[in-house]
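Read the structure below first, then the notes.
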Amino acid sequence: MHKHIDMAMSFARSFVHDPSLPAFITAMIVSGGRVLSVGYNSRRVASPLQDHYKVNPFCNSIHAEVDAVLNVRRKIDLTGSKIYVVRRLRADTADKPVCGLAKPCAMCAAILYSYGIKRAYYTIDNTNFGVMKVVDPRLST
């Protein structure tokens, strides 16, 4: 696939996700070939940052993209960075990968844009990934 997608998947496989989650999402922020942050989805209470951008009132968990931003937003300027998002389905193992669509939602895209992250790469299935230009969500109507 892509070396950074593969790297994000290795982070995803090494993390112990909450087994009650329907899928395991991992997001990795990269700049200049260097990993700046890794985030994971969880049932943890949503942050004020996520609440500010929330589109769906029923979204009460932390998204992996938001977790990755929260981990470094006060330490590192994320302008120009890229984010790689992978979705492991429950049946996924290192021997038999099972990936799903991990395209960032509108809320995550707005947060990524506000921190200057310009491009998102995401899994579509086991062998394909997509690329999304992160734009101002107010302009994409």
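The values are calculated or read from the model by the stated rules, or taken from the named source; none is laboratory data. Predicted model only: the values in this text are computed from it and were never measured. Glycine also receives a Cβ, built like all others from the backbone with ideal geometry; neighbour counts cover every protein chain displayed. Surface accessibility is based on the protein's heavy atoms, side chains included, excluding ligands, DNA and RNA. Shrake-Rupley method; radii C 1.70, N 1.55, O 1.52, S 1.80 Å.
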Original post:
Met28: under 22 Å from Val131 (Cα atoms) and in contact with a Cys (Cβ under 8 Å, 6 or more places away or on another chain), yes or no?
Top reply: no
Subject >> Enumeration of residues in region 85-141 that are open to solvent by less than 20 Å² (accessible area, probe 1.4 Å), within 16 Å of Ala12 (Cα to Cα) and among the aliphatic types (A, V, I, L, M) >> reply: Val85, Val86, Ala102
Original post:
In region 8-34, how many residues are of a type outside the set (S, T, N, Q) and within 13 Å of the chain's Cα centre (by Cα)?
Top reply: 11
Original post:
Does region 82-90 contain at least one residue that is out of contact with any strand residue (DSSP E or B) (no Cβ under 7 Å at 6 or more places or on another chain) and over 25 Å from Phe129 (Cβ atoms)?
Top reply: no
Original post:
Restricting attention to region 122-138, and to residues there that are in a loop (DSSP other than H, G, I, E, B) and among the aliphatic types (A, V, I, L, M), which single residue is nearest to Arg90 (Cα to Cα)?
Top reply: Ile124
**OP:** Residue by residue through region 59-89, note down the ones that are farther than 17 Å from Arg119 by Cβ, touching a Cys at 6+ places or on another chain (Cβ under 9 Å) and not hydrophobic (A, V, I, L, M, F, W, C).
**Re:** His63, Arg87, Arg88
Original post:
If you go through region 1-21 one residue at a time, how many are open to solvent by 30 Å² or more (accessible area, probe 1.4 Å) and either of a type in the set (A, V, I, L, M, F, W, C) or touching a residue at least 40 places away in the same chain (Cβ under 8 Å) (or both)?
Top reply: 7
Subject >> Near pairs, Cβ below 7 angstrom, 6+ apart or cross-chain, from region 24-50 (more than 9 Å from Ile62 (Cα to Cα) and modelled with pLDDT of 95 or more) to any residue that is open to solvent by less than 20 Å² (accessible area, probe 1.4 Å) and among the polar types (S, T, N, Q) >> reply: Ile29/Ser37; Ile29/Ser81; Val30/Ser81; Ser31/Ser81; Leu36/Ser81; Val38/Thr26
Subject >> Checklist (1) polar (S, T, N, Q); (2) touching an Asp or Glu at 6+ places or on another chain (Cβ under 9 Å); (3) open to solvent by 60 Å² or more (accessible area, probe 1.4 Å) applied to Asn41, failing item >> reply: (3)
**OP:** For Leu36, state whether it is over 25 Å from Arg90 (Cβ atoms) and among the aliphatic types (A, V, I, L, M).
**Re:** yes
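Yes/no matrix, rows are residues, columns are (1) within 10 Å of the chain's Cα centre (by Cα); (2) acidic (Asp, Glu); (3) not in a strand (DSSP E or B):
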| residue | (1), (2), (3) |
| --- | --- |
| Asp67 | yes, yes, yes |
| Leu70 | no, no, yes |
| Lys75 | no, no, yes |
| Tyr84 | yes, no, no |
| Asp95 | no, yes, yes |
| Ile111 | no, no, yes |
| Gly116 | no, no, yes |
| Ala120 | yes, no, no |
